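*Asks:* Can you read through this structure? Questions will come right after.
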């Protein structure tokens, strides 16, 4: 998007009431925020802040059925409740998928992958290579990110490797993987009901993991681990640090330094520093289609 088109595109977007559902509005808003951040020093500080502020209210969403996106997923789970859930799935489950679900939850509070990323993630040596989800409109770090597993523990890496292989064998295509994921989510929901806690979804562990990591990782490291291009995403849309657990997991994964270096710091927090980083950094070519109006 050309810099001169940006203010007009934002004005057009915020006035288009009752045109899109909420999830589509969120997607377009994210793309426009990214365009503002990518403009960097070409935009004056005041102009950038005004454009960001004008995006906040956005257009009114078109009325439809109840939302079924990650926005409805539980974002925080006390450590004691999570331990009860894991015990129920591991030791008292009456279905083989109960133990499979427990393994998935246990790893994802450390890795906080998106559901679709589990299908294609692979391990090479002590490195987990992840194909980034939500990479449209330049929102991700790139097509892939890497996590260093040297502090994950030998048993942890071994079990994670076996889990990835097993998931691929159970569900080789995207459609069959969605079916498997839905089955695991149902087993988790059943276990939650049996032990009397509010429903936990597999996606909840992405929130839990990020909230935990915020107590011992920098904002840039959290963003890189999650596959976000900017630190603003974890701040605005994911569980807060105060909801995290007090104890750091024994086995942890860390982002690679080259991925951390790609992260843009939130303009809401450190605008001047952010602009300086953009001046120094050359963005890789992004071949994803741009948002058009």
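Results for (1) more than 30 Å from residue 29 (Cα to Cα); (2) over 15 Å from the mean Cα position of the chain (by Cα), shown as yes or no for each residue.
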position: 91; (1), (2): yes, yes
position: 122; (1), (2): yes, yes
position: 133; (1), (2): no, no
position: 144; (1), (2): no, no
position: 149; (1), (2): yes, yes
position: 153; (1), (2): yes, yes
position: 177; (1), (2): no, yes
position: 184; (1), (2): yes, yes
position: 188; (1), (2): yes, yes
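*Asks:* Looking for whichever is under 25 Å from residue 251 (Cα atoms) and either free of Cβ contacts under 8 Å to residues at least 60 places away in the same chain or not assigned by TED's automatic domain parsing to the domain that holds residue 79 (or both) here; the options are 124, 146. Which one fits? Write out each step before concluding.
*Replies:* Numbers: 146 fails: either free of Cβ contacts under 8 Å to residues at least 60 places away in the same chain or not assigned by TED's automatic domain parsing to the domain that holds residue 79 (or both).
One residue alone meets the criteria, 124.
*Asks:* What are the residues in the stretch 253-267 that are in contact with a helix residue (DSSP H, G or I) (Cβ under 6 Å, 6 or more places away or on another chain) and either outside any loop (DSSP other than H, G, I, E, B) or at pLDDT 80 or above (or both), if any? Please lay out each step first, then the result.
*Replies:* Residues of the stretch 253-267 that are in contact with a helix residue (DSSP H, G or I) (Cβ under 6 Å, 6 or more places away or on another chain), as a first pass: 253, 255, 259-260, 263-267.
Residues satisfying the conditions are 253, 255, 259, 260, 263, 264, 265, 267.
*Asks:* Provide a single number: the residues in the stretch 72-121 that are in a helix (DSSP H, G or I) and in contact (Cβ under 8 Å) with a residue 12 or more places away in the chain.
*Replies:* Total satisfying the criteria: 28.
Condition check ((1) assigned to a loop (DSSP other than H, G, I, E, B); (2) in contact with a helix residue (DSSP H, G or I) (Cβ under 6 Å, 6 or more places away or on another chain); (3) surrounded by 15 or more Cβ atoms within 10 Å (Cβ to Cβ)) across all residues:
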{"residue": "130", "(1), (2), (3)": "no, yes, yes"}
{"residue": "155", "(1), (2), (3)": "no, no, no"}
{"residue": "189", "(1), (2), (3)": "no, no, no"}
{"residue": "206", "(1), (2), (3)": "no, no, yes"}
{"residue": "212", "(1), (2), (3)": "no, no, yes"}
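*Asks:* Kindly evaluate residue 133 against the criterion of being on the phi > 0 side of the Ramachandran plot and modelled with pLDDT under 95. Walk me through how you get there before you give the answer.
*Replies:* Numbers: on the phi > 0 side of the Ramachandran plot: no; modelled with pLDDT under 95: yes.
No, not satisfied.
*Asks:* If you don't mind, there's one more thing I want to ask. Any residue in the stretch 41-68 that is at pLDDT below 75 sitting within a Cβ distance under 7 Å of a residue that is assigned to a helix (DSSP H, G or I)? List the pairs, counting only those 6 or more apart or interchain.
*Replies:* 41/275; 41/278; 41/279; 42/3; 43/36; 45/271; 67/22
*Asks:* While we're looking at this one, here's another question. So which residues in the stretch 191-204 are surrounded by fewer than 20 Cβ atoms within 10 Å (Cβ to Cβ) and assigned to a helix (DSSP H, G or I)?
*Replies:* 193, 194, 195 - these are the residues of the stretch 191-204 that are surrounded by fewer than 20 Cβ atoms within 10 Å (Cβ to Cβ) and assigned to a helix (DSSP H, G or I).
*Asks:* Out of 178, 170, I need the residue that is more than 30 Å from residue 261 (Cβ to Cβ), in contact with a helix residue (DSSP H, G or I) (Cβ under 6 Å, 6 or more places away or on another chain) and surrounded by fewer than 18 Cβ atoms within 10 Å (Cβ to Cβ). Which one? Break it down into steps so the answer makes sense when it comes.
*Replies:* Numbers: 178 fails: in contact with a helix residue (DSSP H, G or I) (Cβ under 6 Å, 6 or more places away or on another chain).
Only one candidate qualifies: 170.
The values are calculated or read from the model by the stated rules, or taken from the named source; none is laboratory data. Keep in mind the model is a prediction, meaning the values are calculated, not measured. Because the Cβ atoms are built from the backbone with ideal geometry, glycine has one as well, and the counts that use them run over all protein chains shown.
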